[in-house]
Amino acid sequence: MKKIAKKTLWQYLFWLGPFLFIVGLTAGLVSEQWGAIPLAFLISGLVITGLWVVWQSQQSSWWKRRSTQAGTNALVATLAILAILGLINFLGDRYHLRADLTETQLFTLAPQSRELVSTLPQPVKVWVFDVTQNPQDRELLNNYQRQSSKFKFEYIDPQSRPGLADKFGVKDYGEVYLESGDKRQLVQVVNENERLSEVRLTSRLQQITSATTAKVYLLQGHGERQLSAAKGAISQAIQGLGDKNYTTSPLNLADNPKVPGDAAVVVVAGPKRGLFEGEVKALQEYLNRGGNLLLMIDPNTDPKLDNLLQAWGVRLDNRLAVDVSGEKVGLGPAAPLVTEYGQHPITKDFGNGISFYPLARPIEITPVAGVEATPLLQTKPYPNSWAESDLQSEKLEFNPDQDLKGPLTLGAALTKKLPTKSTSTPQVPTPSPLPSPTTQSKIPPSPLSLPTPSSQTATESRLVVLGNSDFVTDGLFQQQLNGDVFLNSVTWLSQQDQQPLSIRPKEAKNRRINLTTMQANLLILSSLLFLPLIGLIAAAVIWWKRR
């Protein structure tokens with residue numbers, strides 16, 4: 001009787017050990033302080049449990065029993081599985097691995113967005129003033145947040161926090177704001193019909209984090225494309241430049257035959273009349289001092305720029321670019337369809353994307369010392385494309401005596417190294433185009449301080465020549481890659497290559513199957529009647545054979 005009582009006492013002592021251990025562990029976790037009291041409970045519980053194990057081992061050889069060994073193996077296997085699951089969860093929390101299997105990568109940020117967010121110079125936060133959280137918008141914001149710890153976002157109910165809503169000037173539900181430091185900017189307004197746009201959010205990120213603003217001048221006075229909304233205008237292109245933190249202004253060289261010193265890029269968009277000799281000379285001087293020029297020249301026009309282009313090895317062909325492959329998509333043979341692009345920063349992310357150029361002229365490039373030329377846009381080889389010389393003919397046919405076989409070059413990017421100037425002689429600082437990428441990486445931007453002569457001396461000038469300006473007009477600018485060609489050209493010309501180039505919107509391809517009424521009825525009958533009936537017949541046959 002005494003032996004049984006002693007055994008019962010040791011059993012109670014064993015349960016005291018785990019109890020004290022759990023008490024100490026709970027006290028430490030709740031208080032988040034592992035002081036003397038939690039440690040005392042933990043040590044006491046471990047000591048009591050250890051003494052019980054020693055006593056049990058002396059009383060019997062329980063560890064040699066088959067049941068004990070089986071239980072130990074099960075315990076070890078369970079602990080191993082828990083350890084593996086814990087390790088998997090740890091790695092899953094530390095390293096994110098996602099696979100986007102959609103054809104157009106709908107749920108993956110564009111490389112330009114990832115590059116911009118991963119190199120944010122300062123923290124930014126997106127405020128979404130709405131009571132509902134759209135899963136698609138939240139996933140997009142999560143994709144941004146995965147790229148950098150400096151990117152945060154938060155959904156706010158304007159009614160519950162009216163002070164914060166008043167601080168941002170919120171007027172309606174769905175307004176999305178971007179904040180960085182003391183800067184705040186409206187991104188867009190989201191609703192049931194319009195979701196948060198990666199294009200707009202990345203553009204606003206670039207604007208709010210950029211320390212400088214580049215100036216783009218658009219030449220006027222020779223029948224160029226109008227800047228405001230009108231037929232044949234380029235207002236959408238102007239808006240696109242504004243979204244990328246460029247400021248635009250018209251330029252009339254007839255009043256003052258000199259390009260302003262703060263011009264990062266000068267754009268000549270489709271002049272219908274020739275420039276005066278003094279205007280051409282002003283553009284030449286602008287290029288000679290490190291300027292950057294974008295020429296978009298339509299066929300059957302003579303802007304009187306031959307001398308300027310000849311110095312760069314470029315000649316405008318007077319023939320019309322013809323591409324019969326455009327008829328397959330309803331564009332017509334006079335609207336070349338381009339899917340071949342040169343190896344250049346402007347077109348490096350285009351892949352096999354489509355851009356088209358209604359009424360375009362080819363350009364020819366000849367080597368010139370000191371000038372590096374890269375073809376940007378090329379049509380398909382003959383017989384799909386050629387340069388047509390007879391512009392009056394109703395039917396376009398290739399004439400081997402007068403026409404030029406494809407592929408044709410419709411656009412080219414050129415750079416010219418400038419002679420290095422000695423900086424020993426003091427010079428008066430004047431506004432100048434942005435420095436080259438190599439110089440810009442060494443000198444931090446300081447818009448309030450006056451730059452040194454060495455920092456404002458450009459090392460090269462850049463020129464982009466395109467044989468068409470229709471592709472950038474309203475209505476065509478947002479089609480396919482047309483807008484990307486223009487915006488990327490301006491970005492490269494402004495010598496701000498570290499900035500993200502344009503991002504084309506991602507659209508899900510229509511994979512719907514259009515069925516007639518008869519086809520739909522046949523599908524219903526086959527799935528609800530024929531297939532089950534076939535299964536029943538097969539089951540009956542098998543049963544009959546085994547009966």
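Along the Cα→Cβ direction, 7 angstrom out, place labels at Phe19 and Gln478. What is the inter-label distance in nm?
Result: 7.4 nm between the two label points.
Applying 1/(1 + (r/R0)^6) with R0 = 56 Å to the Cβ-Cβ distance of Thr459 and Thr26, what FRET efficiency is obtained, to the nearest 0.05?
Working: r = 68 Å, r/R0 = 1.22.
Taking R0 as 56 Å, the efficiency between Thr459 and Thr26 is 0.25.
Pulled fully out, how much extra length does the chain show between Ala540 and Gln284, if you take 0.36 nm times their separation in residues and subtract their Cα-Cα distance? Intermediate results must be reported in sequence, preceding the final value.
Working: separation 256, 0.36 × 256 = 92.16 nm, distance 9.02 nm.
Additional length available on full extension: 83.1 nm.
Between Leu91 and Thr366, what FRET efficiency follows from the Cβ-Cβ distance if R0 is 56 Å, with the result rounded to 0.05?
Values: r = 58 Å, r/R0 = 1.04.
With a Förster radius of 56 Å, E is 0.45.
Just to confirm the filter: which trypsin sites (Lys or Arg not before Pro) across region 191-229 are DSSP coil and have at most 14 other Cβ within 10 angstrom of their Cβ?
Values: sites: Arg195, Arg200, Arg204, Lys215, Arg225; in loops: Arg195, Arg225.
Loop-located and lightly packed - Arg195.
Where does region 286-404 land on Rg/Rh, using Cα atoms and the Kirkwood Rh? It would help to have the intermediate numbers written out before the result.
On the way: Rg = 15.4 Å, Rh = 15.7 Å.
Taking Rg over the Kirkwood Rh, I get 0.98.
Which whole-angstrom value gives the distance between the alpha carbon centres of region 368-382 and region 102-138?
Taking the Cα centre of region 102-138 as reference, the centre of region 368-382 is 36 Å away.
What ³J(HN,Hα) values, in whole Hz, does the Karplus curve 6.51 cos²θ - 1.76 cosθ + 1.60 give for region 109-122 when θ = phi - 60°, with x put for Gly and Pro?
For region 109-122, the Karplus-derived couplings read 5, 5, x, 5, 5, 4, 5, 5, 5, 5, 10, 4, x, 8 Hz, x marking Gly and Pro.
Classify region 355-406: rounded, prolate or oblate, from the alpha-carbon gyration tensor (a ≥ b ≥ c, eigenvalue square roots; a/c under 1.5 rounded; otherwise prolate if a/b is larger than b/c)? Provide the component values of the computation, followed by the final result.
Values: a/c = 2.36, a/b = 1.85, b/c = 1.27.
Prolate shape, in that a/c is at least 1.5 and a/b is the bigger ratio.
Bin by bin, in steps of 5 Å, what percent of the Cα pairs in region 111-189 do you find, going until the bin that has the longest distance?
3, 15, 26, 25, 18, 10, 3, 0
Kindly state, to the nearest 0.05, the FRET efficiency for Thr119 paired with Asp182, given R0 = 22 Å and r defined as their beta-carbon distance.
Values: r = 21 Å, r/R0 = 0.97.
Using R0 = 22 Å, I get an efficiency of 0.55.
Where Rh denotes the Kirkwood radius from the mean inverse Cα pair distance, what is Rg over Rh for region 249-314? Present the calculation step by step, with values, prior to reporting the outcome.
Details: Rg = 11.3 Å, Rh = 12.3 Å.
In region 249-314, Rg relative to Rh is 0.92.
On a straight-distance basis, which aspartates and glutamates could pair with Lys380 in a cross-link, Cα separation under 19 angstrom, same-chain partners fewer than 8 positions away excluded?
Asp317, Asp323, Glu327, Glu340, Glu364, Glu388, Glu397, Asp403
Of Gln145, Tyr173, Phe129, whose Cα points farthest to the positive end of the dipole of region 111-189 (charges on the beta-carbon: +1 Lys, Arg; -1 Asp, Glu; origin at the Cα centre)?
Gln145
Cα gyration tensor of region 215-299, axes a ≥ b ≥ c as square roots of the eigenvalues: rounded (a/c below 1.5), prolate (a/b > b/c) or oblate? Can you show the working numbers first?
Values: a/c = 1.95, a/b = 1.21, b/c = 1.61.
Cα axes put region 215-299 in the oblate bin.
Starting from the 7 Å offset along Cα-to-Cβ, what nm value, one decimal, do you get for the label separation of Ser228 and Ser325?
About 4.1 nm separates the two model spin labels.
Pairs Lys328/Lys348; Lys328/Lys405; Lys244/Lys281: which are spaced more than 28 Å apart, C-alpha to C-alpha?
Numbers: Lys328/Lys348 26 Å; Lys328/Lys405 20 Å; Lys244/Lys281 30 Å.
Checking Cα-Cα distances, Lys244/Lys281 exceed 28 Å.
Run the quick spin-label model on Leu418 and Leu533: label points 7 Å from Cα toward the beta carbon, then report their separation in nm to one decimal.
Spacing of the two 7 Å Cα→Cβ label points: 8.4 nm.
Report the full-extension gain for the segment Val54 to Glu192: residue separation times 0.36 nm, less the Cα-Cα distance, to one decimal in nm. Numbers along the way, then the final one.
Values: separation 138, 0.36 × 138 = 49.68 nm, distance 6.96 nm.
Result: 42.7 nm gained on full extension.
Within 10 Å of each candidate Cβ there may be at most 13 other Cβ atoms; applying that plus a DSSP loop requirement, which trypsin sites (Lys or Arg not before Pro) in region 96-151 survive?
Hits after loop and neighbour filter: Arg98.
Count of lysine pairs in region 111-189 with Cα atoms under 17 Å apart, counting only pairs 8 or more residues apart in sequence or on different chains?
Working: Lys125/Lys150; Lys125/Lys152; Lys125/Lys167; Lys125/Lys183; Lys150/Lys183; Lys152/Lys183; Lys167/Lys183.
Total qualifying Lys-Lys pairs in region 111-189 comes to 7.
Values in this text are rule-based calculations from the coordinates and carry no lab data. Here the structure is a predicted model, which means the values were calculated and not measured. Don't worry about glycine lacking a Cβ; one is built from the backbone with ideal geometry, like all the others, and counts go over all protein chains shown.
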